[in-house]
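*Asks:* Submitted below is the structure of interest, expressed as structure tokens.
The values are calculated or read from the model by the stated rules, or taken from the named source; none is laboratory data. Just so it is clear, the model here is predicted, and its values are computed rather than measured. Glycine also receives a Cβ, built like all others from the backbone with ideal geometry; neighbour counts cover every protein chain displayed. Each accessible area value is taken on the protein alone, full model and side chains, heavy atoms only, with ligands, DNA and RNA left out. Shrake-Rupley method; radii C 1.70, N 1.55, O 1.52, S 1.80 Å.
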Amino acid sequence: MKVAVFSDIHSNYHAFRACYQDALAQQAQQFIFLGDYISDLADPRKTMDLVYEIQQKYPTVCLRGNRERYMLECQDGISSFSRGSKSGSLLYTYEHLQQEDLAFFRSLRICDTIEIGGVKIEIAHATADDDRHYFDNADGNTAAVFQTMQCNYLLTGHSHKQYILHQNGKTIINPGSVGIPQGGTPNPKYAMLEIVNGNVSCTLREVTYDLTEVIHAQFTSGLVDCANGWAIGILYDIITGQEQVLKLLQRVQNLNNVQDEAAWHREAVRLGMKFSEQEILSVYHQIIHKQREQAPALL
């Protein structure tokens, strides 16, 4: 049994499609989604349609992430979104969802225990208790997560960082992020499990794709107009593979005024960010050119 594990797509339909096609090429027979299908990038509708298509074709397990929770809280009147860098991306996403999508999100859990090929596996967007608990291979809290595991395997997302950890016969696997990968490369990431006679092996996959369409969609969709600095910061995340938008947010938060668009713009400039589609495309192509120069020559 081969199982593709996807997490943190964040409305990046083009990266999602590339990972899906790669998974099929790897002969995936089943799919697991760990949540955060939507928000931050321009194609929530296409993303959800592809999720539903996969559900119809293959055995599929889906969890809810914190981004889906935000959408439900808005529907329930618990929170609200407005144009601007603070929550404009969430507003844009909410306005492009359908009732079918919100009902689907409401049907999902943030964690579960499943059995595949005779192997029990815990799955969670982050942890069983917190859909925003951030831990990775360098986090001191990881030991506590190992201690609370009821199964020998845990699949978890949220951090956008791809890794496999082993401790005392247990394994934690983070497939990385499909849509906004971290860890130094912009390539979409996922995990492929292979379960044979009760034994589990895992391959961490990384897929190349052209980000030009993603950058273009961010501008032509109106998302940049709606979410301003946040939408620009997200583009820098996906072209660098680094957490640029969180650096930007932290700088603005330190000024105690996340509603001030001038502050977002000023701090983005200080981080070296550009603001037009052509400028960002130029930065992307410069990065690609540099990566090619640094790559070892093929013999």
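*Asks:* Counting only protein heavy atoms and a 1.4 Å probe, tell me what percentage of the chain's accessible area is made up of carbon and sulfur.
*Replies:* Details: 6200 of 13510 Å².
That fraction is 46 percent.
*Asks:* At 1.4 Å probe size, with no ligands or nucleic acids counted, give the accessible surface of Arg106 in Å², nearest ten.
*Replies:* 110 Å²
*Asks:* Can I ask one more? Give me the percent of DSSP beta bridges within the chain that run antiparallel, rounded to the nearest 5. Provide the component values of the computation, followed by the final result.
*Replies:* Numbers: 24 of 37 bridges.
Just about 65 percent of them are antiparallel.
*Asks:* Related question: What percent of all Cα-Cα pairs in region 189-295 falls in each 10 Å bin, counting up from 0?
*Replies:* Calculated over all Cα pairs of region 189-295, the distribution is 13, 37, 26, 15, 8, 2 percent.
*Asks:* In deg cm²/dmol and to the nearest 500, what is the mean residue ellipticity at 222 nm of the chain if only DSSP H runs of at least 4 residues count, each as -39500 (n - 2.57), divided by the residue total?
*Replies:* The helix-only estimate for the chain comes to -12500 deg cm²/dmol at 222 nm.
*Asks:* A follow-up question, please. Please compute the per residue accessible area over region 74-192 with all protein chains in place, 1.4 Å probe, rounded to a whole number of Å².
*Replies:* So region 74-192 comes to 45 Å² accessible per residue, rounded to a whole number.
*Asks:* Can you list the HN-Hα couplings for region 52-64, worked out from phi with the Karplus curve (6.51, -1.76, 1.60; θ = phi - 60°), rounded to whole Hz and with x for Gly and Pro?
*Replies:* Result, ordered by residue: 5, 4, 5, 4, 6, 9, 9, x, 9, 10, 10, 10, 9 Hz.
*Asks:* Another question, then. Which of the aspartates and glutamates could be linked to Lys57 by a straight reach, that is with a Cα gap under 18 Å, when you skip same-chain ones fewer than 8 residues away?
*Replies:* Lys57 reaches Asp22, Asp49.
*Asks:* Below 8 Å, C-alpha to C-alpha, sequence gap of six or more: please give me the relative contact order for region 1-123 in percent.
*Replies:* Working: 182 pairs, mean separation 29.0, N = 123.
Averaging sequence separation for qualifying contacts and normalising by length gives 24 percent for region 1-123.
*Asks:* Relative to the longest principal Cα axis of the chain, at what angle does helix 261-270 sit, 0 to 90 degrees, rounded to 10?
*Replies:* The helix 261-270 is inclined about 80 degrees to the chain.
*Asks:* Under 5 Å between amide H atoms, partner at least 5 residues away or on a different chain: which partners does Arg205 have, H built in plane at 1.01 Å?
*Replies:* Tyr190, Ala191, Met192
*Asks:* Step through the residues of region 126-131 one at a time and calculate ³J(HN,Hα) from phi using the Karplus curve (6.51 cos²θ - 1.76 cosθ + 1.60, θ = phi - 60°), rounding each to whole Hz and writing x for Gly and Pro.
*Replies:* 10, 10, 5, 9, 8, 7
*Asks:* Contour minus end-to-end for Asp112 and Arg45, with contour as 0.36 nm per residue of separation and end-to-end as the Cα-Cα distance?
*Replies:* 21.5 nm
*Asks:* Can you send over the solvent-accessible area of Glu261, 1.4 Å probe, protein chains only, in Å² to the nearest 10?
*Replies:* Around 70 Å² of this residue is reachable by solvent.
*Asks:* Could you give the dipole magnitude of region 149-299 about its Cα centre, charging the beta-carbon of Lys and Arg +1 and that of Asp and Glu -1, in debye to the nearest 20? Please list the in-between numbers first.
*Replies:* Details: 11 positive and 13 negative charges, 102 e Å.
Dipole size: approximately 500 debye.
*Asks:* Subtract the Cα-Cα distance of Glu95 and Glu279 from 0.36 nm times their separation in residues, and report this length gain in nm to one decimal. Numbers along the way, then the final one.
*Replies:* Numbers: separation 184, 0.36 × 184 = 66.24 nm, distance 2.81 nm.
Roughly 63.4 nm would be gained on extension.
*Asks:* Still on this structure, I have one more. Using only the heavy atoms of the protein chains and a 1.4 Å probe, how would Leu165, Leu41 rank by accessible area, largest first?
*Replies:* I get Leu165, Leu41, largest accessible area first.
*Asks:* So how far apart, in nm, are the two label points at Gln294 and Ser79 if each is 7 Å from Cα heading toward Cβ?
*Replies:* The answer from the label model is 3.5 nm.
*Asks:* To continue, here is another question. Counting only DSSP beta bridges with both residues in region 73-232, what percent are antiparallel, rounded to the nearest 5?
*Replies:* 75 percent
*Asks:* So what is the relative contact order of the chain, in percent, for Cα pairs below 8 Å that sit 6 or more residues apart?
*Replies:* Reported as a whole number, the value is 20 percent.
*Asks:* Continuing with this model, one more query. Quick one: Cα centre-to-centre distance for region 146-160 and region 12-57, in angstrom?
*Replies:* Rounded to whole Å, the Cα centres lie 22 Å apart.
*Asks:* Here's another thing I want to ask about it. Compute the length gained on full extension between His166 and Leu271: take 0.36 nm times their separation in residues and subtract their Cα-Cα distance, giving the result in nm to one decimal. Intermediate values should be presented prior to the final figure.
*Replies:* On the way: separation 105, 0.36 × 105 = 37.80 nm, distance 3.67 nm.
The span from His166 to Leu271 would gain 34.1 nm if fully extended.
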